[in-house]
Amino acid sequence: MSTYLDNNATTRVAPECIEAMLECMEDYGNPSSMHSLGQSAKKRLMDARASLSRLIGASPQEIVFTSCGTESSHMAILGACALSPGKRHIVTSRVEHPSQLALFAHLEAQGYEVTRLDVDGEGRIALDELEKTVTDDTALVSLMWANNETGVVFPVEEAARIAKSAGSFFHTDAVQAAGKTKIDLVAMPADFLSLSGHKMHAAKGVGALFVRKGIKLPPLFFGHQERGRRGGTENLPAIAGLGVASDLAMAGLESGEARMGMLRSKLEKGILETVPIARINGFGAPRVANTTNISFGELESEAILDRLDKAGIQASSGAACTAGGNEPSHVLLAMGLGKSAQAAVRFSLSRYTTEEEIAQVLGILPGIVETMATWRTE
Ligand code: PLP
């Protein structure tokens with residue numbers, strides 16, 4: 001039996017999405033064509049846009065389909081800077097996804113001043129720090145909704161209000177929140193929100209950016225598609241799959257969140273009871289229901305993960321792009337973990353995760369840790 005607990009890296013594509021994608025490949029029209037095949041494709045595009053907008057409380061015109069979460073965020077961040085030509089200050093946090101941090105470093109090299117908010121030992125930012133930091137020179141505040149390594153949720157609604165009252169744009173990277181928890185962009189005053197298909201049971205190669213009505217965000221790719229906001233023929237199969245994934249997520253949002261939370265509690269409780277050196281990172285903060293990040297003293301995560309993999313359990317040490325590099329996690333370092341920043345294992349569940357999979361981890365993990373800890377002390 002194989003147990004997949006690396007859903008923050010990528011998720012299984014829902015069978016219903018695969019079906020929708022296959023239909024689009026057979027009904028292969030280009031949504032920009034005027035003939036009937038094209039108009040059929042256009043309808044599929046509109047349906048997907050409507051489904052996704054319902055999931056996040058937006059209107060269909062506020063959705064721009066992109067190729068991934070990274071593209072969505074880059075479009076928002078670069079666009080917000082372009083729309084604020086006199087402003088040279090950006091606020092973000094130390095624990096954003098590497099794809100965002102790389103862009104902020106690039107903007108810094110271009111002359112922007114970038115403030116990276118600290119987090120406390122549980123991975124939380126302090127809103128009063130944000131309040132002190134934003135000025136009328138701040139072009140953009142960009143904060144993730146949920147952290148990909150720990151699941152810790154930032155108070156993005158309050159942060160958006162603070163940014164807006166200072167006259168700054170607000171962007172949130174909701175790649176690890178969309179489809180897992182309620183997002184309501186009617187209640188929350190964000191200007192931009194990024195999400196990614198492959199983190200919510202749709203395919204890789206599709207993402208979306210919410211752009212608040214009235215904001216004329218410049219494109220990264222020029223062309224007439226997506227109302228001039230993202231050129232290039234739409235990846236219709238993947239977009240249709242994302243539409244179906246949005247419907248599925250919306251239908252099962254509350255029950256899915258409750259079920260993942262229950263299974264995660266079982267996993268955490270079971271590990272804490274059987275592995276005395278285990279510590280859950282971010283336990284004291286609000287977290288999305290599917291993620292747990294656990295340190296095992298100073299035992300190296302790579303060795304634990306390798307043994308888990310051999311036993312048929314796939315988990316990760318953090319961001320998929322840095323996993324394998326054995327670099328300490330920038331998120332855990334920011335939380336003050338020191339040496340154990342290299343020693344954390346992330347289990348990320350999905351709505352397909354079963355009780356049996358959790359039981360399998362609980363049956364195998366304590367033995368692996370015990371053997372490794374014994375070797376260390378011998
Ligand atoms: N932001 C977060 C929080 C993520 O976890 C990821 C992927 O791991 C991304 C952004 C990048 O998304 P994508 O792979 O769709 O570019």
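The values are calculated or read from the model by the stated rules, or taken from the named source; none is laboratory data. None of these values were measured; they are calculated from a predicted model. Cβ atoms come from the backbone with ideal geometry, glycine included; neighbour counts cover every protein chain shown. Keep in mind that these areas ignore ligands, DNA and RNA; they rest on the heavy atoms of the full protein, side chains included. Shrake-Rupley method; radii C 1.70, N 1.55, O 1.52, S 1.80 Å.
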Revision key, fill the gap. Among the DSSP H helices of the chain, those whose Cα atoms extend at least 24 Å along the helix axis and whose mean Kyte-Doolittle hydropathy is 0.0 or higher are 355-377
Exercise for review: For the stretch 15-251, calculate the relative contact order in percent as a whole number, restricting contacts to Cα pairs under 8 Å that are 6 or more residues apart.
Suggested key: 29 percent
Review point. Amide H to amide H under 5 Å from THR66: which residues, 5+ apart in sequence or cross-chain, H placed 1.01 Å off N in plane?
Key: GLY207, ALA208, LEU209
Check your understanding: Considering the dipole of the chain built from charges on the beta carbon (Lys and Arg +1, Asp and Glu -1) around the Cα centre, which of LEU242, ALA289, ALA48 is farthest to its positive end?
Key -> ALA48
Check your understanding: Kirkwood hydrodynamic radius for the stretch 249-322: how many Å is it when counted over pairs of different Cα atoms?
Key -> 13.9 Å
Check your understanding: Calculated from DSSP H runs of 4 or more alone, at -39500 (n - 2.57) each and per residue, what is the 222 nm mean residue ellipticity of the chain, nearest 500?
Key -> -13000 deg cm²/dmol
Review point. Considering the zone a paramagnetic label at ASP137 would reach in this model (a point 7 Å from Cα along the Cα-to-Cβ line), which residues of the stretch 161-175 have amide N under 20 Å from it?
Key: 163-170
Exercise for review: Quick one: among ASP128, ASP27, ASP247, which has the greatest mean-square fluctuation in a GNM of the chain with alpha-carbon springs under 10 angstrom?
Suggested key: ASP128
Check your understanding: What does the accessible area per residue of the chain come to in Å², with a 1.4 Å probe and no ligands, DNA or RNA counted?
Key -> 41 Å²
Review point. Using the Cβ atoms and a cut-off under 10 Å, what net charge is assigned to the surroundings of GLY79, where Lys and Arg are +1 and Asp and Glu are -1?
Key: +1
Review point. Share of the stretch 15-251's accessible area from carbon and sulfur, percent, 1.4 Å?
Key: 56 percent
Exercise for review: Under 15 Å from the Cβ of LEU332, count the other residues' Cβ atoms, weight Lys and Arg +1, Asp and Glu -1, and hand me the total.
Suggested key: -3
Check your understanding: Using a 1.4 Å probe, how large is the accessible area of ILE313, given in Å² and rounded to the nearest 10?
Key -> 0 Å²
Check your understanding: How high is the relative contact order of the stretch 135-246, in percent, counting Cα pairs under 8 Å that sit 6 or more residues apart?
Key -> 18 percent
Check your understanding: Which value, in Å² rounded to 10, gives the accessible area of LYS43 with a 1.4 Å probe and all protein chains present?
Key -> 120 Å²
Check your understanding: Quick one: which of LYS87/LYS339; LYS87/LYS213; LYS266/LYS310; LYS43/LYS182; LYS43/LYS266 span more than 32 angstrom between C-alpha atoms?
Key -> LYS87/LYS339; LYS43/LYS266
Study note, to complete from the structure: Taking a ≥ b ≥ c as the square roots of the eigenvalues of the Cα gyration tensor, with a/c under 1.5 meaning rounded and otherwise prolate when a/b exceeds b/c and oblate if not, the stretch 15-251 is prolate
**Study point:** Of all DSSP beta bridges in the chain, antiparallel share, percent nearest 5
**Key:** 50 percent
Practice item. Place a +1 charge on the Cβ of each Lys and Arg in the chain and a -1 charge on the Cβ of each Asp and Glu, then give the dipole magnitude about the Cα centre in debye, rounded to the nearest 20. Key: 820 debye
